[in-house]
Amino acid sequence: MKILTEHEAKKLLAKYGIPVTKEQLASSADEALAIALYIGAPVAMKISSPDIPHKSDVGGVALNVKKEFVRTTYDEIISRAKKAVPDASIEGILVQQMVPPGQEVIVGLKKDPQFGYALMFGLGGIFVEVYRDVSFRVVPIEKKDALMMISEIKGYPVLKGVRGRKPADIDAITDVLMAVSGMAEKENIIELDINPLIVGEKGAVAVDARAMVE
């Protein structure tokens, strides 16, 4: 079993046509700055380590970092991570684009020894943690199943645009659910989480992802 870093997990998503953030791995503060200038600051900066799945728990994430703070932020994140998990194998810092705000959703895939793969969908952030508002299907799914999964959750009106909020691109979510269902048939995935997938009025982007493969 291998735990993929966020960067590795996103490469897997991109292989199946799922849009991911523009990002590169930096192994020094200078390299981080060069990447930030290339991508366009402000950027998000995250510790990259297979031994640190929950990056924010160890102070391993910084958002909206302006270019003049990229170098110092690089050193601070590395130092916090080493302090929190001294034995962790650290690859460097993932420097990535900040995605415009949108509706956060979660897409998950889990292998069950008995039933095969289960696909999960729900609203991201507090909704999934507090309300457990999610829907499930056994894969493979068809487009009509994906649309049903999306419309079944209690938070569906949020996606449709309530109280002046802009509607989320349901077709883009459907495409991601279909792509993840396809991955299940071709890859040796034990578990996959895209959280959050940020959905705008047009399109969706995987901002964070984690995966375990056989």
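Per-peptide packing, taken as the mean over residues of other Cβ atoms within 10 Å, places 87-94, 159-166 in the sequence 87-94, 159-166 from highest down. For Rg/Rh (Cα atoms, Kirkwood Rh), computed directly from the structure shown, the correct entry in (i) 0.98; (ii) 1.07; (iii) 1.22 is (i). Report, to the nearest 10°, how far helix 170-186 tilts away from the longest principal axis of the Cα atoms in the chain, using its own Cα long axis and a range of 0 to 90°. The angle comes out at about 80 degrees. Under a model in which nothing but the beta-carbon of Lys, Arg (+1) and Asp, Glu (-1) is charged, the chain shows a dipole of about 480 debye around its Cα centre. Built from the Cα atoms of region 107-158, the convex hull projects on average onto 3.8 nm², one quarter of its surface area.
Seen against the Cα atoms of the chain and their longest principal axis, helix 143-152 is set at about 80 degrees. Note on the chain: with a GNM built from Cα contacts shorter than 10 Å, the maximum mean-square fluctuation among Gln103, Gln24, Gln114 falls on Gln114. Region 109-134 and region 154-214 have Cα centres lying 12 Å from one another. To the nearest Å, what is the center-to-center distance of region 66-90 and region 4-29, using C-alpha atoms only? Here the answer is 19 Å between Cα centres. Estimated from the Cβ-Cβ distance and a Förster radius of 41 angstrom, the FRET efficiency linking Asp75 and Glu214 is about 0.70. Between their Cα atoms, which of Lys67/Lys154; Lys46/Lys202; Lys15/Lys83 are more than 29 Å away from each other? Listed pairs above 29 Å: Lys67/Lys154; Lys15/Lys83. Size of region 17-79 from its Cα atoms: along the principal axes, largest to smallest, the extents are 35, 28, 19 Å. The trypsin sites (Lys or Arg not before Pro) found in region 184-214 that occupy coil by DSSP, while having at most 13 further C-beta atoms within 10 Å, are Lys202. For region 45-124, trypsin sites (Lys or Arg not before Pro) are listed when DSSP marks them as loop and at most 13 other Cβ atoms sit within 10 Å of their Cβ; the list is Lys66.
Once the Cα atoms are used to define both axes, helix 6-15 deviates from the longest principal axis of the chain by about 50 degrees.
Laboratory data are not the source of any read-out in this text; all were calculated from the coordinates shown. Just so it is clear, the model here is predicted, and its values are computed rather than measured. Cβ: placed from backbone, ideal geometry, glycine included. Neighbour counts: every protein chain shown.
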